[in-house]
Amino acid sequence: MPNPKKKIPFESPSCEIITIGTELLLGQIMDTNTTYLAQELGRIGISVRFRTAVGDLPDEMKRVIENAVQRCDLVITTGGLGPTLDDLTRDAVAQIAGVDLEFRQDLMDQIEQVFHRYGYNMPENNRRQAFVPAGSQAIPNPVGTAPAFIREVHGKPIICLPGVPRELKYLLNREVISWLKQKFHLTDHRITYRVLKTVGIGESKVDHLIGDLMGHGKNPEVGLLASQGEIKIRIAAKAKDMQSADELIGPIEQEIRSRLGKKIFGKDDDTLEQVIDSMLISRDLTLGILETFTAGRAAQKFYSLPSHRLLESCVIPNKEHLSKWIDRGDSVLESEAALSIARKVRSMAHADVGLAILGFFNEREEDYKVKGYVGATGKGIEKIFSWDMGGDIFTLQVRGALIGLNTLRLALIEATNE
């Protein structure tokens, strides 16, 4: 007999999301449905294992949906439910289920009501939308003309939703989520995520430091997502409720923080500029910034906040103009020059803290390189940093702004600890 005291782990149902439409493959429209579906399914404890896009060719649609049924507990499709001849999702699912399409008068009445509400006569081809695979559970669509439906194949549901995002969201939240919770007994189960954000460290280094905590099938499951200058560490826990999820996530988060220390600047929705601005507010400090090659990207991050502690910002486009800021009157850049310029910025802005992010592009055969310098200064605050990097202009600007702001963050931390 099983031990009643033994905690049985929650196994989340697996799902494949299939977006249907040749326009997706051609890049004519952006797929936002898959991201939305994955987020909402995760909230109730369903794990999306595959994301597939397929065009309007019937044989390829059928093959993709059949593969999804074989490898997942449920399948959700979006698109292909319109009135035109290339809207073939209904036909493909009917063939997979081995049934014919059947006409539903209740769906026809609802579609006609939508047209009448907007003062139009319904075209005859919209009659196609009132057909669903025989044996399906139809889902009327009061906000559009494409009804959804659910057809189980080998005990696995295929849920077909319209591709229009507004209609998909309405039907998912009004009908499908509750159906899924009942079908898979998900009343209390959930997948909870916590994201730790790092800056100033590469993906390979993060992997080296916490790689032993990663691995498919673990609960919690730890994964990495790299972007320009920032690494996100995602901790995903499957549990029956939020408290149980927090109990799983907590020890892993603590271990990761102990290994990465100050490299972690925030979590979940935190941004680097928000974290720095909060530090300035807590110490009642104001800020002035001067930038060269980053073209004001560091300052722009503060200006995007509803309110901020940045008093003044300045962009110097070339070495000749920067020479006016350097004590020795030349254009030589070095760490001490960055610190000196940061002091002048602080003074001119009448701010408590000055930040200078310096460097200029040197063209190479295929891209550019920069020797960057950062200086941060203020009462009890003094930090300099220099680095070399190469790449395209946009990448260098984004990474340079993040490095400059992170240097300021570390300077504020060190000043606090003194």
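The values are calculated or read from the model by the stated rules, or taken from the named source; none is laboratory data. Just so you know, these numbers come straight off a predicted model, no measurement behind them. As a convention, Cβ positions derive from the backbone with ideal geometry for all residues, glycine included, and neighbour counts pool all protein chains shown.
Looking at L260, L186, L224, which one is part of a helix (DSSP H, G or I) and of a type outside the set (F, W, Y)?
Details: L186 fails: part of a helix (DSSP H, G or I); L224 fails: part of a helix (DSSP H, G or I).
Matching residue, one of L260, L186, L224: L260.
Would you call V69 buried (at least 18 other Cβ atoms within 10 Å of the Cβ), in the same structural domain as L161 (by TED's automatic domain parsing) and part of a helix (DSSP H, G or I)?
Yes.
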Residue match in the range 276-287 (condition: of a type in the set (A, V, I, L, M, F, W, C), surrounded by 13 or more Cβ atoms within 10 Å (Cβ to Cβ) and under 30 Å from L41 (Cα atoms)): no
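To keep it simple, each residue is scored yes or no on (1) on the phi > 0 side of the Ramachandran plot; (2) assigned to a helix (DSSP H, G or I); (3) modelled with pLDDT of 90 or more.
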{"site": "I17", "(1), (2), (3)": "no, no, yes"}
{"site": "Q28", "(1), (2), (3)": "no, no, no"}
{"site": "D31", "(1), (2), (3)": "no, no, yes"}
{"site": "T34", "(1), (2), (3)": "no, yes, yes"}
{"site": "Q39", "(1), (2), (3)": "no, yes, no"}
{"site": "G42", "(1), (2), (3)": "no, yes, no"}
{"site": "G45", "(1), (2), (3)": "yes, no, no"}
{"site": "F50", "(1), (2), (3)": "no, no, yes"}
Hits in the range 134-170 - residues which are buried (at least 23 other Cβ atoms within 10 Å of the Cβ) and in a helix (DSSP H, G or I): L168
Residues of the range 45-64 satisfying the condition of being out of contact with any helix residue (DSSP H, G or I) (no Cβ under 6 Å at 6 or more places or on another chain) and among the hydrophobic types (A, V, I, L, M, F, W, C): I46, F50, L57, V64
Residue in the range 286-297 that is within 30 Å of the chain's Cα centre (by Cα), basic (K, R) and not in a helix (DSSP H, G or I) present: no
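Okay, residues lined up against (1) assigned to a helix (DSSP H, G or I); (2) touching a Cys at 6+ places or on another chain (Cβ under 7 Å); (3) in contact (Cβ under 8 Å) with a residue 60 or more places away in the chain:
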| residue | (1), (2), (3) |
| --- | --- |
| I191 | no, no, yes |
| L209 | yes, no, no |
| K232 | no, no, no |
| I249 | yes, no, no |
| F265 | no, no, yes |
| D269 | no, no, no |
Exclusive hit being loosely packed, with under 14 Cβ neighbours inside 10 Å and in contact (Cβ under 8 Å) with a residue 12 or more places away in the chain, set Q105, Q110: Q105
The range 17-46 residues that are of a type in the set (K, R), paired with ones that are part of a helix (DSSP H, G or I) (beta carbon under 9 Å, 6 or more apart): R43/I177
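Any idea which of L355, L396, L405, L410 is over 16 Å from G288 (Cβ atoms) and at pLDDT 95 or above? Walk me through how you get there before you give the answer.
On the way: L355 fails: over 16 Å from G288 (Cβ atoms); L396 fails: at pLDDT 95 or above; L405 fails: over 16 Å from G288 (Cβ atoms).
Exactly one residue qualifies, and that residue is L410.
Being of a type in the set (D, E, K, R) and under 12 Å from L355 (Cα atoms) is the filter here; which residues of the range 295-314 pass it?
The first filter runs over the range 295-314 and keeps only residues of a type in the set (D, E, K, R), leaving 297, 301, 309, 312.
The answer is E312, and nothing else.
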The range 220-236, residues that are surrounded by 13 or more Cβ atoms within 10 Å (Cβ to Cβ) and modelled with pLDDT under 85: A226, Q228, G229
Those residues of the range 85-133 which are modelled with pLDDT under 90, more than 24 Å from E66 (Cβ to Cβ) and not in a helix (DSSP H, G or I), in sequence order: Y118, G119, Y120, N121, M122, P123
The range 175-219: number of residues that are modelled with pLDDT of 90 or more, among the β-branched types (V, I, T) and surrounded by fewer than 19 Cβ atoms within 10 Å (Cβ to Cβ): 3
